[in-house]
Amino acid sequence: MNAIANVKAQLRLKQWAQQVDECQKSGLSVSAWCKANGIRTNTYYYRLRQVREYTLDNIEVPSDYQSVRDETDISFKHLQVQSPLKGMQAAVIVHLPNATLEVSSSAERSTLEAVLLALKSVC
């Protein structure tokens with residue numbers, strides 16, 4: 001694409017983006033806004049798609065961003081479920097490398113909140 005055609009395309013996309021913005025901020029339905037502005041509805045949606053595609057193609061991604069699709073970054077930790085010790089009535093037991101949390105079914109909410117806050121500071 002030559003320089004003049006490129007500039008024209010950029011200006012057209014900028015105008016279309018402004019129209020899309022106006023439509024979205026108007027509070028009207030797309031069809032009502034298009035009728036009020038003399039634009040066919042299918043033309044509006046074509047322009048919307050063009051603006052979105054251009055934006056996606058030209059968005060700057062931070063250099064430290066890692067794609068969610070990169071499956072090599074995803075890992076799972078196998079958690080071993082252990083039975084409570086005999087005589088204990090724990091509803092939940094969480095074993096961590098540097099702490100163990102055991103919550104009985106009769107624990108008060110305030111106690112549980114305090115324990116979770118303490119555990120948060122450890123982890």
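Every number here is computed from the coordinates shown, using simple stated rules; none is lab data. Please read all numbers here as calculations on a predicted model, not as lab measurements. Glycine also receives a Cβ, built like all others from the backbone with ideal geometry; neighbour counts cover every protein chain displayed.
One table, with the values for the structure above:
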item: Length-normalised contact order of the stretch 3-58 in % [C-alpha pairs under 8 Å, at least 6 apart]; result: 38 percent
item: Magnitude of the charge dipole, the stretch 3-58, Cβ model with Lys/Arg +1 and Asp/Glu -1, debye to 20; result: 160 debye
item: Efficiency of FRET between residue 7 and residue 52 - r from beta-carbon atoms, R0 30 angstrom, step 0.05; result: 0.90
item: 51, 94 arranged by Cβ crowding within 10 Å, fewest neighbours leading; result: 94, 51
